[in-house]
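Comments concern the structure below.
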Amino acid sequence: MSATALPDAPVATASAPHVTPASAMPDVLPAVRPRGRILTFMRRYPTIFAGGLLLAVILFIAMAAPLLGTTDPTALAPAKRTREPSMLYWFGTDMLGRDVYSRVLYGARVSLIVGFSVALLASVIGMVIGLVSGFVRWADSVIMRVMDGLMSIPPILLAIALMALTRGSVGNVVTAITIAEIPRVSRLVRGVVLSLREQPYVEAAVASGTRVPLIIWRHIVPNTLAPITVQATYICASAMITEAILSFIGAGTPPIIPSWGNIMAEGRALWQVKPYIVFFPAVFLSLTVLAVNLLGDGLRDALDPRMAKRV
Amino acid sequence: MTRTPPLLEVNALKKHFPLRGGLLGGVTGQVYAVDGVTFSIAKGETLSLVGESGCGKSTVGKAILRLIDPTDGEVWLDGARIDNLPASQLRPLRRRIQVVFQDPFSSLNPRMRVRDIIAEPLRNFGLADGGEVDDRVATLMDTVRLPRDAMRRFPHEFSGGQRQRIGIARALAPGADLIICDEAVSALDVSVKAQIVNLLSDLQDELGLALLFISHDLAIVEHLTHRVAVMYLGKIVEIAERRTLFANPRHPYTRALLSAVPVPDPTARRDRIILTGDVPSPISPPPGCRFHTRCPYVFDRCRTEEPLLREVGEGQKAACHLDELPALRMLPQAA
């Protein structure tokens, strides 16, 4: 039991066990200990802290890209193409003379927008589908067979197929990856809902006359948020990778918008002679995915009910 | 026994769970969890439903609460049938039957404050609103002997016994007539168990509550019950007033159960009846008497003909063929 727990009423005497009167309980409960200091947080959740910090830095870079000594990431300068990294061109220039540093920083925007949008949309839509599936018995088998069908197609192939039906744009990339990720979330939510429905506190709520919509809102949804949050971080990471793959094979973000996948695709031909064009966006992609995964792992440990009592 | 009309009447209640399997998920069998259970509870009375794990005693409780729909049979509350009511008509009646579960950890929503947990039934049935809610919750906290400032806290800040008190407060909140205690003290330490049992019987005296006390622990049951019903494999094998049952058990299964109750006296001579074998599967219960596979007094008729629950004494019913053969009954070890 945690340190903030109340002491239980004293053990009944062996001779005459009797209900302990209220006065035997402490009148004033011990004060809740203050917490939430940054240092305590760092010590308790080092992975969340590391992942969150790294992600915050990348987020800052993406938002403040124009202020960080960048030039127009799309400006062509044929005379200055394929320059090695230097004080003037920190990450060098590509085969059209564009500044790789500027392109990588602006490319962070695409990755983060795609990652966060997909994580949010897939979680929300997947949650609704999962709740319906977990509560409406006749819809369950239909929905789950459709989800099985979607899941049998590798997510990247599904995203490529969906992109082939539309024009390349960031919005379409988000839509395609979201559709590919929804089945996993809805499966997860359905599983959680089915186990929560059997929880005695849900049964007690039914017995207390709580109506179904309120049971879902009050007892089911709050208890699915922890696993969904963890799942959302993994979706975010995998969406960023999928976006990069789509852009790399030319099925994602249009070439006019710099994205890490695009930059790598364009640098691919020169990989053996000018490896830095591929190297820098790849490092940023890896660091971002690492940050999100660290955050996800940390959250998983922190939100795990078995760890809840750890002080 | 009181002769007033019973508060709750359960008549030939059955709950069979379909077993699904195969490619298309067809029904391949039935689990006969509860197979024709009849009993009644008077106002302010405690009936204990005892039996080993898997005998269907919790299923009876859930079917009365309509947490699961019974397969067959009737449930009457105060002379009105409630087992076949549509959900909308059942909802107002739910106020009168409440439940306290076994596990004090999973029976409280970890993300709700104690105040909101106890207030939930109050709000659902429109019994209090606005500032009244806090007053009512505070009164309920007093009733279950919890400090009032615990209202603002979350369940994980409490010990098992305290959580069970919160669960009891929630069950009391809507002013129930009947509380179903589904193994309500089984998960608690012995000393805390005694406190909760005493709290329950005090509350019964104060509020005139009827209790359906589902338990596997006869030692606890003996302390608070008026009557006892013994279940075996989905059926009641014996039902009697407490004194009668503990002093003069008629069914061989009841005798075996009673002989397994620990006696806190190392010098006491005990004739323990040790049952052999396991409980048969409720998917294919044995023909005839369900207990015949383990009964020390089994004879031919038990294997083919099912004994009926019949009056064997003042307020005592048992389902055993031996009761028709007084001579055989007396045999110490027929097996």
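What the table shows:
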read-out: Residue, surrounded by the most Cβ atoms within 10 Å (Cβ to Cβ), within region A:212-226, restricted to residues that are more than 23 Å from the chain's Cα centre (by Cα) and closer than 25 Å to residue A:141 by Cβ; value: A:219
read-out: Qualifying residues in region B:239-296 (those that are at pLDDT below 85 and among the small types (Gly, Ala, Ser)) - the one farthest from residue B:219 (Cα to Cα); value: B:277
read-out: Residue check for residue A:292: surrounded by fewer than 22 Cβ atoms within 10 Å (Cβ to Cβ) and either assigned to a helix (DSSP H, G or I) or within 12 Å of another protein chain (Cβ to nearest Cβ) (or both); value: no
read-out: Qualifying positions in region B:1-32 - modelled with pLDDT of 90 or more and touching a Lys or Arg at 6+ places or on another chain (Cβ under 7 Å); value: B:7
read-out: Residue match in region B:140-148 (condition: more than 9 Å from chain A (Cβ to nearest Cβ), out of contact with any Gly (no Cβ under 6 Å at 6 or more places or on another chain), closer than 21 Å to residue B:216 by Cα and hydroxyl-bearing (Ser, Thr, Tyr)); value: no
read-out: Residue in region B:48-60 that is at pLDDT 90 or above, surrounded by 18 or more Cβ atoms within 10 Å (Cβ to Cβ) and within 12 Å of chain A (Cβ to nearest Cβ) present; value: yes
read-out: Tabulated pairs, region B:21-41, first assigned to a strand (DSSP E or B), second modelled with pLDDT of 80 or more and of a type in the set (Ser, Thr, Tyr), C-beta under 6 angstrom, 6+ apart or interchain; value: B:21/B:28; B:33/B:59; B:34/B:59
read-out: Filter result for residue B:94 (within 10 Å of chain A (Cβ to nearest Cβ) and crowded, with 21+ Cβ neighbours inside 10 Å); value: yes
read-out: Residue check, residue A:238 closer than 26 Å to residue A:150 by Cβ, more than 11 Å from every other protein chain (Cβ to nearest Cβ), among the hydroxyl-bearing types (Ser, Thr, Tyr) and touching a Pro at 6+ places or on another chain (Cβ under 9 Å); value: yes
read-out: Hits in region B:170-186 (condition: more than 12 Å from chain A (Cβ to nearest Cβ) and within 12 Å of residue B:200 (Cβ to Cβ)); value: B:181, B:185
read-out: Residue B:239 being aliphatic (A, V, I, L, M), within 14 Å of another protein chain (Cβ to nearest Cβ) and buried (at least 23 other Cβ atoms within 10 Å of the Cβ); value: no
read-out: Long-range neighbours under 6 Å by Cβ, at least six apart or interchain, first residue farther than 14 Å from residue B:207 by Cβ within region B:134-150, second surrounded by 21 or more Cβ atoms within 10 Å (Cβ to Cβ); value: B:136/B:122; B:137/B:118; B:137/B:119; B:146/B:165; B:148/B:141; B:150/B:114
read-out: Residue within region B:123-135 that is part of a helix (DSSP H, G or I), within 9 Å of chain A (Cβ to nearest Cβ), surrounded by fewer than 22 Cβ atoms within 10 Å (Cβ to Cβ) and within 26 Å of the chain's Cα centre (by Cα) present; value: yes
read-out: Any hit, region A:171-190, residues being away from chain B (no Cβ under 14 Å), among the polar types (S, T, N, Q) and surrounded by fewer than 18 Cβ atoms within 10 Å (Cβ to Cβ); value: no
read-out: Options A:123, A:133, A:102: the member that is of a type in the set (S, T, N, Q), modelled with pLDDT of 90 or more and touching a Lys or Arg at 6+ places or on another chain (Cβ under 9 Å); value: A:133
read-out: Residues satisfying the stated conditions in region B:23-44, i.e. over 30 Å from residue B:96 (Cα atoms) and polar (S, T, N, Q); value: B:28, B:30
read-out: Residue match in region B:69-90 (condition: within 12 Å of chain A (Cβ to nearest Cβ), in a loop (DSSP other than H, G, I, E, B) and free of Cβ contacts under 8 Å to residues at least 40 places away in the same chain); value: no
read-out: Filter result (surrounded by fewer than 19 Cβ atoms within 10 Å (Cβ to Cβ), touching a helix residue (DSSP H, G or I) at 6+ places or on another chain (Cβ under 7 Å) and in a loop (DSSP other than H, G, I, E, B)) within region B:291-301; value: B:296
read-out: Test: residue in region B:111-120 that is over 21 Å from the mean Cα position of the chain (by Cα), away from chain A (no Cβ under 13 Å) and either surrounded by fewer than 20 Cβ atoms within 10 Å (Cβ to Cβ) or of a type outside the set (Phe, Trp, Tyr) (or both); value: yes
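Rundown of residues vs (1) buried (at least 23 other Cβ atoms within 10 Å of the Cβ); (2) touching a Pro at 6+ places or on another chain (Cβ under 8 Å), yes/no style:
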position: B:206; (1), (2): no, no
position: B:225; (1), (2): yes, no
position: B:235; (1), (2): yes, no
position: B:245; (1), (2): yes, no
position: B:253; (1), (2): yes, no
position: B:266; (1), (2): no, no
position: B:278; (1), (2): no, no
position: B:289; (1), (2): yes, yes
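The values are calculated or read from the model by the stated rules, or taken from the named source; none is laboratory data. Keep in mind it's a predicted model, so treat the numbers as computed, not measured. Methodologically, a virtual Cβ is constructed for each residue, glycine included, from the backbone with ideal geometry; neighbour enumeration extends over all protein chains shown.
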